[in-house]
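Worksheet: one structure, shown below.
The values are calculated or read from the model by the stated rules, or taken from the named source; none is laboratory data. Here the structure is a predicted model, which is why all the values come from computation and not from measurement. Cβ coordinates were reconstructed from backbone atoms using ideal geometry, including for glycine residues, and neighbour counts include every protein chain displayed.
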Amino acid sequence: MDYRPIGVFDSGVGGLTVLKRLLEVLPGEDYIYFGDTKRVPYGDRSKEEIKKFADQIINFMKSKNTKAIVVACNTTCATINKKDYDEILFDVIDAGVESAINSTKNKKIGVIGTTRTIESKTYNQRIKLADNNIDVYGVACPDFVPLIEKGLYETKQAYETASKYLSNFTNKNIDTLILGCTHYSIMENVIHNIMGDDVKLIDPAIKLAENVRKFFETNKILNPNTKGNIEYFVSKDIDNFVKISERIIGSKIKDIKMIDIDKY
């Protein structure tokens, strides 16, 4: 057993969709969540900036004595090399790839993500590595994260924006669509309404949470408690974060602090 907390981080509120899945399968664990609300969105940042942000956040998580860190940001996962770090890191992209490959019947998979994630072709490369016969189509949706961070993910503006981006999949005949940014599952209803029932939406957080649980069980580092504690940290704008986050998590957020992430 291991009572140390699990670290979870994202560029903003999107990683809460991962935290929610983790709470479903590992409710006894303690969690440290960090949302980089000062520097969101990451999607149009340079590779050097994202690497710097990841280093700072992982240093912060180390200061909290985390036993493992869940990188709940696809853009970060597509940019950093996990081998550069000594910590146990879980990768949301690997989980998405595995789920999509298991889902597709016609071997045509779509991916939506930030500009950085799509341009990196990380999803394409990892899917092709597993099955070279699968066709992968990527579409960048840079306006999604700002809409979601402002709480506008169920508005007419969100529907019109999603319709514009998702029209790129017309005639591609995909049967599976990876939500390649943890923010995007917050817009899952909108995306499903546009894509229809014939396209399976993949939320990588579901498989990711299962992978974390299996790893903890195998390595005997589960927290034996029945209900854990969550500490939330942001780099800016606590009030807006709390308002949106409580809608995602479905419960009141009490323990939240703002930190200067540049100090790490």
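Just a few scattered comments:
- Scanning the range 1-20 for residues that are assigned to a strand (DSSP E or B) and hydrophobic (A, V, I, L, M, F, W, C) yields 6, 8, 9.
- Taken over the range 144-154, the criterion of being crowded, with 17+ Cβ neighbours inside 10 Å and either over 17 Å from the mean Cα position of the chain (by Cα) or not β-branched (Val, Ile, Thr) (or both) is satisfied by 144, 147, 149, 153.
- Per-region count, the range 76-97, residues in a loop (DSSP other than H, G, I, E, B) and buried (at least 22 other Cβ atoms within 10 Å of the Cβ): 2
- Matching option when the condition is over 17 Å from the mean Cα position of the chain (by Cα), farther than 14 Å from residue 8 by Cα and surrounded by 15 or more Cβ atoms within 10 Å (Cβ to Cβ), among 52, 47, 38, 62: 38
- Pairing residues of the range 10-22 that are buried (at least 24 other Cβ atoms within 10 Å of the Cβ) with residues that are of a type in the set (Asp, Glu), at Cβ distances under 7 Å and at least 6 apart in sequence or on separate chains, gives 11/36; 12/36; 12/149; 13/149.
- Some residue of the range 175-191 being more than 15 Å from the chain's Cα centre (by Cα) and of a type in the set (Gly, Ala, Ser): no
- Here residue 167 clears all of (1) crowded, with 21+ Cβ neighbours inside 10 Å; (2) of a type outside the set (D, E, K, R); (3) more than 17 Å from the chain's Cα centre (by Cα) except the condition numbered (1).
- Count of residues meeting criterion [in a strand (DSSP E or B) and loosely packed, with under 12 Cβ neighbours inside 10 Å] in the range 251-264: 1
- Residue 185 being closer than 21 Å to residue 117 by Cα, out of contact with any strand residue (DSSP E or B) (no Cβ under 8 Å at 6 or more places or on another chain) and of a type in the set (S, T, N, Q): no
- Selected residue (criterion: nearest to residue 99 (Cα to Cα)) from residues of the range 126-135 that are of a type outside the set (D, E, K, R) and surrounded by fewer than 21 Cβ atoms within 10 Å (Cβ to Cβ): 130
- Matching residues, the range 228-250, being exposed (fewer than 10 other Cβ atoms within 10 Å of the Cβ) and in a loop (DSSP other than H, G, I, E, B): 250
- Qualifying positions in the range 211-264 - modelled with pLDDT under 95 and either of a type in the set (Ser, Thr, Tyr) or outside the structural domain of residue 24 (by TED's automatic domain parsing) (or both): 226, 245, 251
- Checked against the criterion of being among the basic types (Lys, Arg), in contact (Cβ under 8 Å) with a residue 12 or more places away in the chain and part of a helix (DSSP H, G or I), the range 65-75 contains not a single residue that satisfies it.
- Test for residue 28: is it at pLDDT below 95, farther than 18 Å from residue 123 by Cα and part of a loop (DSSP other than H, G, I, E, B): no
- Any hit, the range 32-42, residues being of a type in the set (Val, Ile, Thr) and assigned by TED's automatic domain parsing to the domain that holds residue 199: no
- Residues located in the range 192-215, provided they are closer than 23 Å to residue 153 by Cα, in contact (Cβ under 8 Å) with a residue 60 or more places away in the chain and under 17 Å from the mean Cα position of the chain (by Cα): 202, 203, 204, 205, 206
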